[in-house]
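What follows is one structure encoded as C-alpha cells, with my remarks underneath.
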Amino acid sequence: MIGYLLRRLLGAIPLLLGILTLIFFVMHLAPGDPTDRIFSNPNVSPEVIEQMRRNLGLDKPLHVQYGRWLWSFVRGDFGYSFGQMRPINEILPAVLWNTLQLTLISLVVIFVVGMLIGIVQAVRQYSLADNVLTFLALFFYSMPSFWFALMLILIFSLRAGQEGWPIQFPASGMTGIEYEYMGAGGKLLDRARHLFLPAVALGIGSAAGVARYMRGAMLEVIHQDFIRTARAKGLSERTVIFKHALRNALIPIITLLGLYLPFLLSGAVLVETIFAWPGMGRTIVEAILARDYPLVMATSFVIAAIVVLGNLLSDVLYAVVDPRIRNE
Amino acid sequence: MVRASPDVESVPPEPMPPAAPQQGGPPVRAGGAAWARIVTLVLAWGFLFSIVYLSLAKIRGIPEMRRVGVDIYLALATLLVIAAVLLRWTWRSVSPAHLARGRVKGDSQWAIAGRHFKKNRLALAGLAVMILLYVITLVTPLIAPFDPAAQGDIITSRYLPPGAEHLMGTDKFGRDIFSRVLYGARISLSIGFVAVGISVTLGTLIGALAGYFGGWVDSVLMRFTDMMLAFPRLVLLIVVIAVFENQSIWLVVVVLGLTGWMGTSRIVRGEVLSLREREFVQAARALGMGDWRIIIRHVIPNTMAPVIVSATLGIGLTILTEASLSFLGLGVQPPTPSWGNMVSDGRDALTQAWWIATFPGLAIVLTVVAFNLLGDGLRDALDPRLRT
C-alpha cells in the first residue's frame with residue numbers, strides 16, 4: 001500500500017512540472033506585457049518603463065525567465081503580484097481557504113444528495129419517482145451553473161426580500177454587514193446563510209451527475225447473484241441494500257470524487273464571480289483582466305495542483321476499497 | 001493516472017453480433033447504408049452552415065444580418081430543400097422499384113443500433129428537438145418578428161415585460177429578446193458544432209495514434225492528455241482567451257475545440273488497444289498495408305460508435321462552456337447575440353427585468369437537455385452491453 005502511494009506521488013511530479021511549463025508558455029505567447037498596462041500613461045518616460053521591466057525581470061531572454069520562475073516555484077515562492085502590489089504568498093492562502101470552504105462543502109452535499117437520490121432511483125427502478133428523478137437529474141445536469149445562480153438570487157434573495165418570505169438568503173459576499181458584532185453562534189449562522197446559495201448553485205449539476213452514476217452502479221450490483229443470495233437467506237431489505245449492495249456500488253462512485261474537482265473549480269470561477277465570493281475563481285478572473293501574469297500563473301498552478309491531488313486521492317481511495325487494484 | 005471522464009464509458013466493443021435471421025417478414029431495408037448517408041449529409045451540411053453563420057456574424061455584423069438578402073434566400077432555399085428531402089424519402093419508401101429491390105442482407109451494427117434507438121422515446125424526443133433547433137437556425141429570418149439589433153424607440157420600448165407583441169419582453173436597449181434568442185441559437189449551435197468537430201477529429205487522431213503505436217508514443221501522448229485534463233477547462237479557456245486579447249469568434253471556437261479532445265482520445269485509445277490485436281488488422285498488416293492506411297481505413301472506422309456518442313454529449317457541454325465564457329465577457333462579444341452574453345446582460349437588470357436573463361438560460365437548458373438525451377440514447381443503442 002505504501003509502495004503504491006509512493007509510486008503515485010512520484011508519478012504526479014512530472015505532471016505538475018509539465019503543467020507549470022504549459023502555463024508559462026501560454027502566458028508568454030501573449031502579445032504585450034504587464035508594463036503596458038501599468039504605464040500606458042504617455043507621461044511616463046521610457047526610461048522608467050525600462051527600469052520597471054528590469055526590476056520585474058522582463059528584459060531577460062525567455063529561457064532564463066522560465067528557469068528562474070520554475071526554480072522559485074519549486075521553492076514555494078510564487079512571486080509578486082503586479083496588480084495588487086503585494087507578494088502572492090500573502091494573497092493565496094486566504095483566497096484558497098475561501099474556495100476550499102465552498103468547494104468542499106459543495107462536494108459533501110453533492111455526494112450525500114446525489115447518492116441518496118441514486119439509491120432511491122435504483123431501488124425503485126422504473127417507478128414514477130425514478131422517472132421523475134431521472135428527468136430532474138438530467139435537467140439540472142444540463143443547466144448552466146451561472147444561470148442557475150442568477151435564478152437562485154432572483155428567487156431566494158430578491159423575490160423573498162420583496163415579499164417578506166421567512167426563508168431569505170443573502171446574494172453576495174461571505175459575511176453580513178454586522179458580522180463583527182455577532183456572537184459565535186450568530187457568526188456561524190451568518191456564514192452558513194451566505195454559503196448556502198453559492199454551494200447549491202455550484203453543486204447541483206454535479207449532484208445530478210452523481211445521482212445518474214449511482215443509479216447505474218446500484219442497478220448493476222442489485223441484479224447480481226450475491227444480492228439474491230442475501231435476500232434468500234432472509235436478511236432485511238435495508239441490510240441488503242445498505243450493507244451488501246451499497247458497498248459494492250461505491251467503488252465506481254469513489255473515483256468520481258477526484259473527477260468532480262476540476263468541474264467544481266471551473267464552476268467556482270463563475271459562481272464566485274456572481275456571488276462576489278472572495279475565492280480563487282474571482283481572483284483569477286480579476287488577475288486576468290488586470291494582466292497580472294504572476295498571479296494568474298500562481299492561481300492556475302494551485303488549481304491544477306488541487307486537481308492532481310484530488311485524482312491522487314481518488315486513486316488511493318479506490319485502492320483502499322478495492323484490493324484488486326493495489327495488488328496489481 | 002487520471003481516469004477517463006465518467007461521462008463516457010470506454011468499453012471495448014464486443015464482436016459484432018451475428019446477423020439475426022429475419023423470420024418470414026418483409027426483407028429488411030439496408031439500414032446501415034441509409035444511416036451512414038444521413039449522418040454524413042447532416043454533418044457536412046451542419047458544418048457548412050455553421051461556418052457561414054460564424055463568418056456572417058463577424059464580417060457583416062449582426063445589425064445588418066436580418067436585412068441581408070442572402071439570409072432570406074438561404075432560409076427559403078432551406079425550406080425547399082427540406083420539402084424536397086421529405087418528398088424524396090416518402091417516395092423512396094413507397095416506390096415500387098425500391099420495394100421490389102429489397103436487398104436481404106445481414107444487419108449491420110448500425111441497423112441494429114437504429115432499431116434500439118427507435119424504441120427509446122426520450123432519445124427520439126432529443127433528436128426531434130435537435131433537428132428542430134437546427135431547422136430554426138436556418139429559417140430564423142422568416143420566424144424572428146423583430147430585428148435582433150433594432151432598438152426602436154428606447155424610451156417606450158425598453159424593459160417591456162413579456163407580452164403579445166414581444167413574446168419574451170425587451171432588454172435595456174429595447175431589443176426584442178425572442179428575436180435575439182433565435183439569432184443567438186445560430187451562434188451558439190454553430191460554435192458547438194464546429195468546436196466539437198475540431199475536438200473530435202483531434203481526439204480521435206491522438207487516441208488512435210497512442211493506441212496503435214503504443215510504446216513511447218503512447219506514453220507521451222497520454223501524459224499530455226493527463227496534463228490537459230488536470231486543468232479545469234474553463235480556467236484554461238479564460239487564460240488563453242484573455243491572454244490573446246483577440247475578441248474574434250474564431251478564437252473562441254478554436255480554443256474550445258483544442259481544449260475538449262481529451263475525453264474522446266482516451267476512449268478511442270481504449271478501443272484501438274483492443275482493435276489492433278484483432279484478426280482483420282493483422283490481416284491488413286500481413287497484406288503489407290502501411291500503418292497510416294490501416295489506422296485510417298480499418299481502425300478509426302471501427303471506433304466511430306463511441307466517438308459519435310462523445311461528440312453528441314460534447315456539443316451540449318461545449319454550448320454550456322461557450323455560454324459561460326460569454327457570460328464572463330470573454331466569448332462572443334456583445335452586439336452579436338449569444339445565449340451566454342444575453343444572460344450576462346440580464347444579470348445587470350435582474351431586479352427590474354427578470355425575463356432578460358431567464359429566457360436565454362431556458363434556451364440553453366433546452367438545447368443541452370436535448371443533446372444529452374440524444375447522446376444517452378445513442379450510447380444505449382450503440383453499446384451492445386447496454387442494450388436491453
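The values are calculated or read from the model by the stated rules, or taken from the named source; none is laboratory data. In this text the structure is predicted, and so the values were computed from the model without any measurement. Backbone-built Cβ (ideal geometry, glycine too); neighbour counts: all protein chains shown.
Could you tell me whether any residue of the stretch A:269-276 is within 25 Å of A:Trp71 (Cβ to Cβ), at the interface with chain B (Cβ under 8 Å from one of its Cβ atoms) and not acidic (Asp, Glu)?
Taking the stretch A:269-276 first, the residues within 25 Å of A:Trp71 (Cβ to Cβ) are none.
The answer is no, given that none of the residues of the stretch A:269-276 is within 25 Å of A:Trp71 (Cβ to Cβ), at the interface with chain B (Cβ under 8 Å from one of its Cβ atoms) and not acidic (Asp, Glu).
Quick check on my filter: what residues within the stretch A:266-285 are within 15 Å of A:Ala201 (Cα to Cα) and part of a loop (DSSP other than H, G, I, E, B)?
So in the stretch A:266-285, the residues within 15 Å of A:Ala201 (Cα to Cα) come out as A:266-277, A:281.
Once the filter is applied, which keeps residues that are within 15 Å of A:Ala201 (Cα to Cα) and part of a loop (DSSP other than H, G, I, E, B), the stretch A:266-285 yields A:Phe275, A:Ala276, A:Trp277.
Residues that are surrounded by fewer than 24 Cβ atoms within 10 Å (Cβ to Cβ) and charged (D, E, K, R), at least 2 per element: which helices (runs of 4 or more DSSP H) completely within the stretch B:139-254 meet that? Steps first, please.
Details: elements: B:154-157, B:177-213, B:215-230, B:233-244.
Ranges flagged: B:215-230.
Select the helices (runs of 4 or more DSSP H) contained entirely in the stretch A:10-77, then report the ones holding at least 3 residues which are over 30 Å from A:Asp315 (Cα atoms), within 14 Å of chain B (Cβ to nearest Cβ) and modelled with pLDDT under 75.
Qualifying helices (runs of 4 or more DSSP H): A:34-38.
Go through the stretch B:337-359 and report how many residues are facing chain A (nearest Cβ under 9 Å), over 19 Å from the mean Cα position of the chain (by Cα) and assigned to a helix (DSSP H, G or I). Before you say what the answer is, go through the steps one by one.
If we filter the stretch B:337-359 for residues that are facing chain A (nearest Cβ under 9 Å), which is where we start, we get B:339-340, B:343-344, B:346-347, B:350-351, B:354, B:357-358.
Pick out the ones that are also over 19 Å from the mean Cα position of the chain (by Cα) and you get B:343-344, B:346-347, B:350-351, B:354, B:357-358.
Those still in the list that are assigned to a helix (DSSP H, G or I) too: B:343-344, B:346-347, B:354, B:357-358.
Here the count works out to 7.
Yes/no matrix, rows are residues, columns are (1) farther than 23 Å from A:Leu246 by Cα; (2) among the charged types (D, E, K, R); (3) in contact with a His (Cβ under 9 Å, 6 or more places away or on another chain); (4) modelled with pLDDT of 85 or more:
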{"residue": "A:Ile110", "(1), (2), (3), (4)": "no, no, no, yes"}
{"residue": "A:Leu133", "(1), (2), (3), (4)": "no, no, no, yes"}
{"residue": "A:Phe139", "(1), (2), (3), (4)": "yes, no, no, yes"}
{"residue": "A:Trp147", "(1), (2), (3), (4)": "yes, no, no, yes"}
{"residue": "A:Arg159", "(1), (2), (3), (4)": "yes, yes, no, no"}
{"residue": "A:Glu163", "(1), (2), (3), (4)": "yes, yes, no, no"}
{"residue": "A:Thr175", "(1), (2), (3), (4)": "yes, no, yes, no"}
{"residue": "A:Tyr181", "(1), (2), (3), (4)": "yes, no, no, no"}
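Given the conditions (1) over 26 Å from B:Pro360 (Cα atoms); (2) in a loop (DSSP other than H, G, I, E, B), and given that A:Leu116 satisfies all but one, which numbered condition is not satisfied?
Among (1) over 26 Å from B:Pro360 (Cα atoms); (2) in a loop (DSSP other than H, G, I, E, B), the lone unmet condition for A:Leu116 is (2).
I'm trying to understand the selection: among the residues of the stretch B:360-388, which are closer than 30 Å to B:Ala113 by Cβ, in contact (Cβ under 8 Å) with a residue 12 or more places away in the chain and either within 9 Å of another protein chain (Cβ to nearest Cβ) or polar (S, T, N, Q) (or both)?
B:Ile364, B:Leu366, B:Thr367, B:Val368, B:Val369, B:Ala370, B:Phe371, B:Asn372, B:Leu373, B:Asp376, listed by residue number.
Tell me whether the stretch B:299-310 contains one or more residues that are under 18 Å from the mean Cα position of the chain (by Cα), within 23 Å of A:Phe140 (Cα to Cα) and assigned to a helix (DSSP H, G or I).
Checked against the condition, which is being under 18 Å from the mean Cα position of the chain (by Cα), within 23 Å of A:Phe140 (Cα to Cα) and assigned to a helix (DSSP H, G or I), the stretch B:299-310 yields at least one hit.
Give me the residue from the stretch B:239-273 that is touching a Pro at 6+ places or on another chain (Cβ under 9 Å) and of a type in the set (A, V, I, L, M, F, W, C) and, out of that set, nearest to the other protein chains (Cβ to nearest Cβ).
The extreme case among them is B:Val243.
Out of all the residues in the stretch B:320-331, which are assigned to a helix (DSSP H, G or I) and either more than 9 Å from chain A (Cβ to nearest Cβ) or farther than 14 Å from B:Arg233 by Cα (or both)?
Let us first name the residues in the stretch B:320-331 that are assigned to a helix (DSSP H, G or I), namely B:320-327.
Matches in the stretch B:320-331: B:Glu322, B:Leu325, B:Ser326, B:Phe327.
Can we say A:Leu317 is in a helix (DSSP H, G or I), more than 9 Å from every other protein chain (Cβ to nearest Cβ) and under 14 Å from the mean Cα position of the chain (by Cα)?
Numbers: in a helix (DSSP H, G or I): yes; more than 9 Å from every other protein chain (Cβ to nearest Cβ): yes; under 14 Å from the mean Cα position of the chain (by Cα): no.
The answer is no for A:Leu317.
On the given criteria, is B:Asp176 at pLDDT below 85 and either in contact with a strand residue (DSSP E or B) (Cβ under 8 Å, 6 or more places away or on another chain) or of a type in the set (Asp, Glu) (or both)? Talk me through it step by step, then tell me what you get.
Numbers: at pLDDT below 85: yes; either in contact with a strand residue (DSSP E or B) (Cβ under 8 Å, 6 or more places away or on another chain) or of a type in the set (Asp, Glu) (or both): yes.
Taking the combined requirement at face value, the residue satisfies it.
Under the condition of being more than 14 Å from A:Thr273 (Cβ to Cβ), in a helix (DSSP H, G or I) and under 20 Å from the mean Cα position of the chain (by Cα), which residue from the stretch A:138-147 is nearest to the other protein chains (Cβ to nearest Cβ)?
Here the answer is A:Tyr141.
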